[in-house]
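Peer 1: Have a look at the structure that comes next, please.
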Amino acid sequence: MGKWMFGYYLELAARSLRRSPGLTALMILSIGFGVAASMTTYSVFRGLSGDPIPWKSSRLFVPQIDPWGPGFRGPGDEPPDALSYSDAIALMRQHRATGQSAIYPIGPSLMPTNTDRNRSPILLDGYAVNSEFFSMLDVPFHYGNGWSADDDANQLPVAVIGDKLNEQVFGGGNSVGKSIDIDNHDYRIVGVTRDWNPQPRFFDVQGGYYSVDGPDVFLSFRHSVAINMINAGWDGCRKGASDPQGDFVGLQNSDCVWIAYIAELDDIAAVQRYQQYIDDYASDQLKAGRFRWAPNNRLRDVPAFLDHEHIVPSDTRVSLLVAQGLLIVCLVNTVGLLLAKFLRRSGEIAVRRALGASRKAIYAQFLTEAGVIGVGGGVLGLLFTVMGVLSVDQILPASYAALARIDPSLILLTLLLALIATLVAGVYPTYRASRVQPAWQLKAS
């Protein structure tokens with residue numbers, strides 16, 4: 001009986017919508033446009049604010065140690081996001097985490113081979129990291145793997161390259177064991193990554209969180225420091241302190257912060273022990289006279305750190321709010337149109353009520369009609385959303401636009417939003433329609 005009645009209400013809805021095609025089209029267009037604006041901006045916001053490594057982010061932590069003291073802290077007495085070289089080396093040497101890596105961005109050049117000297121050097125985007133970086137962050141490999149701890153200890157010139165660079169230089173084949181010339185140093189390739197470009201780049205606190213392409217190359221941190229490979233990212237120095245001014249050795253000996261650091265901690269107890277460890281480390285620096293203030297450290301997992309960094313651009317948040325406001329305006333407009341449409345059928349409602357239809361039946365009939373409009377608005381909104389996502393690069397930076405994607409979850413959410421929004425918009429008009437007094441309408445007729 002229920003299925004038969006639903007089919008009957010669908011038939012009534014189709015008849016009603018066909019009787020006023022202009023009004024029907026206007027409501028579907030209004031819902032579709034509002035939903036598309038909201039879902040297009042949501043797709044960008046979702047991409048920018050997503051968890052880059054959700055299966056492991058709660059076990060990856062960013063330690064922050066205050067090397068500057070009061071007067072140089074951020075709001076809330078926040079220490080700097082990065083570490084100084086001496087602090088990073090101390091944490092690496094004492095190795096109190098399950099896995100750990102010091103990280104700094106590099107921008108070396110891939111030099112042409114002796115047989116191809118007519119080619120220009122290729123500027124690379126990369127990072128100097130420790131050997132544990134790859135297993136700790138679950139970096140996928142096409143060929144080979146990361147280098148070993150012994151390679152780190154011996155400061156060997158080893159490299160992991162990205163699949164795009166491997167395609168460009170070696171035609172995409174297995175290049176493990178081959179050599180490349182980077183800044184006039186020969187490096188032995190030990191691994192080729194497979195399409196790895198987590199967004200945001202949570203391990204880079206100074207070089208920028210979003211990028212269209214993945215890193216080109218990873219080199220050994222210790223080797224890079226040993227050959228004075230310049231930091232290609234930002235470095236922060238305390239006001240009033242001597243500025244190394246590009247002097248890499250001076251940068252290492254300063255209290256400037258320029259090294260990102262990731263530590264893997266397996267459970268709450270390990271987190272508590274590590275927090276105590278960095279606090280004890282800061283206390284030791286106080287006793288040694290290097291620090292003149294009480295420990296002021298932080299230890300945040302990746303989601304908490306990214307939230308602290310406010311990595312989602314403010315204009316994206318504003319755009320999402322504006323789009324949601326537009327959807328509300330479209331819904332208010334739909335409420336008015338549905339109200340006018342339903343009340344115009346007061347005579348029909350009176351006849352149905354006089355023949356025994358309950359208010360519940362009137363609710364079912366008109367909410368079914370609103371649902372049909374919602375489905376139509378959802379299909380149109382999905383079409384507009386696809387067009388919006390494909391063209392979002394016209395108004396946003398390419399690194400942001402690349403994160404907006406059409407996937408099954410977005411498709412389902414778009415259709416559900418349109419349907420639910422239209423049903424909500426139809427509640428008040430349906431309520432008013434169900435309150436039509438049969439006697440008054442029949443008498444007026």
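Peer 1: So Asp150 ticks every box in (1) assigned to a helix (DSSP H, G or I); (2) touching a strand residue (DSSP E or B) at 6+ places or on another chain (Cβ under 9 Å) but one. Which box is left unticked?
Peer 2: Only one criterion is unmet by Asp150, namely (2).
Peer 1: As an exercise: evaluate Phe33 against (1) free of Cβ contacts under 8 Å to residues at least 60 places away in the same chain; (2) assigned to a helix (DSSP H, G or I); (3) open to solvent by 40 Å² or more (accessible area, probe 1.4 Å) and give the number of the one condition it does not meet.
Peer 2: (1)
Peer 1: Right, next: Here's a check for you: in the range 173-201, which residue that is part of a loop (DSSP other than H, G, I, E, B) and under 16 Å from Leu110 (Cβ atoms) is most open to solvent (accessible area, probe 1.4 Å)? Spell out how you get there, then give the answer.
Peer 2: Taking the range 173-201 first, the residues part of a loop (DSSP other than H, G, I, E, B) are 173-178, 183-184, 194-201.
If we keep only those that are under 16 Å from Leu110 (Cβ atoms) as well, we get 175, 178, 183-184.
Numbers: Ser175: 0, Lys178: 92, Asp183: 60, Asn184: 114 Å².
So the residue we want is Asn184.
Peer 1: Does Phe45 satisfy being outside any strand (DSSP E or B) and either open to solvent by less than 40 Å² (accessible area, probe 1.4 Å) or touching a residue at least 40 places away in the same chain (Cβ under 8 Å) (or both)? Quick ask: steps written out before the conclusion?
Peer 2: Values: outside any strand (DSSP E or B): yes; either open to solvent by less than 40 Å² (accessible area, probe 1.4 Å) or touching a residue at least 40 places away in the same chain (Cβ under 8 Å) (or both): yes.
Here the answer is yes, as Phe45 does meet what is asked.
Peer 1: Within the range 48-64, can you find the residues that are within 22 Å of Tyr104 (Cα to Cα), assigned to a loop (DSSP other than H, G, I, E, B) and out of contact with any helix residue (DSSP H, G or I) (no Cβ under 6 Å at 6 or more places or on another chain)?
Peer 2: Step one: filter the range 48-64 for residues within 22 Å of Tyr104 (Cα to Cα), giving 51-53, 56-57, 59-64.
Still in the running and assigned to a loop (DSSP other than H, G, I, E, B): 51-53, 56.
Within the range 48-64, Pro52, Ile53, Lys56 meet the criteria.
Peer 1: Out of Ser43, Ser86, Ser131, report the one residue that is of a type in the set (Gly, Ala, Ser) and touching a strand residue (DSSP E or B) at 6+ places or on another chain (Cβ under 8 Å). Outline the logic, then answer.
Peer 2: Details: Ser43 fails: touching a strand residue (DSSP E or B) at 6+ places or on another chain (Cβ under 8 Å); Ser86 fails: touching a strand residue (DSSP E or B) at 6+ places or on another chain (Cβ under 8 Å).
The conditions single out Ser131.
Peer 1: Still on this model: What number of residues in the range 76-99 are of a type in the set (Ser, Thr, Tyr), surrounded by fewer than 22 Cβ atoms within 10 Å (Cβ to Cβ) and under 28 Å from the mean Cα position of the chain (by Cα)?
Peer 2: 1
Peer 1: Please enumerate the residues belonging to the range 156-172 that are among the aliphatic types (A, V, I, L, M), in a helix (DSSP H, G or I) and either open to solvent by less than 40 Å² (accessible area, probe 1.4 Å) or modelled with pLDDT of 95 or more (or both).
Peer 2: Keep residues of the range 156-172 that are among the aliphatic types (A, V, I, L, M), which gives 156, 158-161, 165, 169.
Add one more test, that the residue is in a helix (DSSP H, G or I), and what stays is 165, 169.
Leu165, the sole residue that qualifies.
Peer 1: Quick one: Leu320 ticks every box in (1) of a type outside the set (D, E, K, R); (2) in contact (Cβ under 8 Å) with a residue 12 or more places away in the chain; (3) over 30 Å from Gly388 (Cα atoms) except a single one, so which number is it?
Peer 2: For Leu320, the failing item is (3).
Peer 1: Okay, next question. Tell me which helices (runs of 4 or more DSSP H) are completely within the range 350-435 and hold 3 or more residues being at pLDDT 85 or above and buried (at least 21 other Cβ atoms within 10 Å of the Cβ), or say none if there are none. Show your work before the answer.
Peer 2: On the way: elements: 359-391, 398-401, 408-434.
Answer list for the range 350-435: 359-391, 408-434.
Peer 1: Counting only residues that are part of a loop (DSSP other than H, G, I, E, B) and either touching a strand residue (DSSP E or B) at 6+ places or on another chain (Cβ under 8 Å) or under 22 Å from Ala260 (Cα atoms) (or both), how many does the range 280-304 have? Outline the logic, then answer.
Peer 2: First, pick out the residues of the range 280-304 that are part of a loop (DSSP other than H, G, I, E, B): 289-297.
Now restrict to residues that are either touching a strand residue (DSSP E or B) at 6+ places or on another chain (Cβ under 8 Å) or under 22 Å from Ala260 (Cα atoms) (or both): 290-291, 295-297.
Number of matching residues: 5.
Peer 1: In addition: Hey, does the range 127-134 have a residue that's in a strand (DSSP E or B), at pLDDT 95 or above and in contact with a Ser or Thr (Cβ under 6 Å, 6 or more places away or on another chain)?
Peer 2: Yes, the range 127-134 has at least one match.
Peer 1: Taking the range 274-319 on its own, how many of its residues are within 23 Å of Pro67 (Cβ to Cβ), in contact with a helix residue (DSSP H, G or I) (Cβ under 9 Å, 6 or more places away or on another chain) and charged (D, E, K, R)?
Peer 2: Number of matching residues: 5.
Peer 1: Take Pro67 and tell me if it is surrounded by 15 or more Cβ atoms within 10 Å (Cβ to Cβ), part of a strand (DSSP E or B) and of a type outside the set (D, E, K, R).
Peer 2: Spelling it out, it is not the case that Pro67 is surrounded by 15 or more Cβ atoms within 10 Å (Cβ to Cβ), part of a strand (DSSP E or B) and of a type outside the set (D, E, K, R).
Residues checked against (1) touching a residue at least 12 places away in the same chain (Cβ under 8 Å); (2) farther than 27 Å from Asp393 by Cβ:
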| residue | (1), (2) |
| --- | --- |
| Gln155 | yes, yes |
| Val158 | yes, yes |
| Gly171 | no, yes |
| Gln199 | yes, no |
| Phe203 | yes, no |
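Peer 1: Let me ask something else. What about Phe141, is it under 30 Å from His310 (Cβ atoms), under 27 Å from the mean Cα position of the chain (by Cα) and open to solvent by less than 60 Å² (accessible area, probe 1.4 Å)? Can you show your working first?
Peer 2: Values: under 30 Å from His310 (Cβ atoms): no; under 27 Å from the mean Cα position of the chain (by Cα): yes; open to solvent by less than 60 Å² (accessible area, probe 1.4 Å): yes.
It is false that Phe141 is under 30 Å from His310 (Cβ atoms), under 27 Å from the mean Cα position of the chain (by Cα) and open to solvent by less than 60 Å² (accessible area, probe 1.4 Å).
Peer 1: Being closer than 16 Å to Ala159 by Cα and in contact with a Lys or Arg (Cβ under 8 Å, 6 or more places away or on another chain) is the filter; apply it to the range 194-232 and report the residue that is modelled with the lowest pLDDT.
Peer 2: Taking the range 194-232 as the starting set, the residues that turn out to be closer than 16 Å to Ala159 by Cα are 194, 196, 214-227, 229.
Within this subset, residues satisfying the condition of being in contact with a Lys or Arg (Cβ under 8 Å, 6 or more places away or on another chain) are 214, 216.
Working: Gly214: 89, Asp216: 94.
Ranking the qualifying residues of the range 194-232, first place goes to Gly214.
Peer 1: Within the range 259-278, track down each residue that is aromatic (Phe, Trp, Tyr) and in a helix (DSSP H, G or I). Lay out the reasoning, then the answer.
Peer 2: Step one: of the range 259-278, the residues aromatic (Phe, Trp, Tyr) are 261, 274, 277.
Scanning the range 259-278 gives Tyr274, Tyr277.
The values are calculated or read from the model by the stated rules, or taken from the named source; none is laboratory data. All of these numbers come straight from a predicted model, not from anything done at the bench. Ideal geometry is used to build each Cβ from the backbone, glycine not excepted, and the neighbour counts take in all protein chains shown. What goes into the accessible areas is simple: the full protein's heavy atoms, side chains included, and nothing from ligands, DNA or RNA. Shrake-Rupley method; radii C 1.70, N 1.55, O 1.52, S 1.80 Å.
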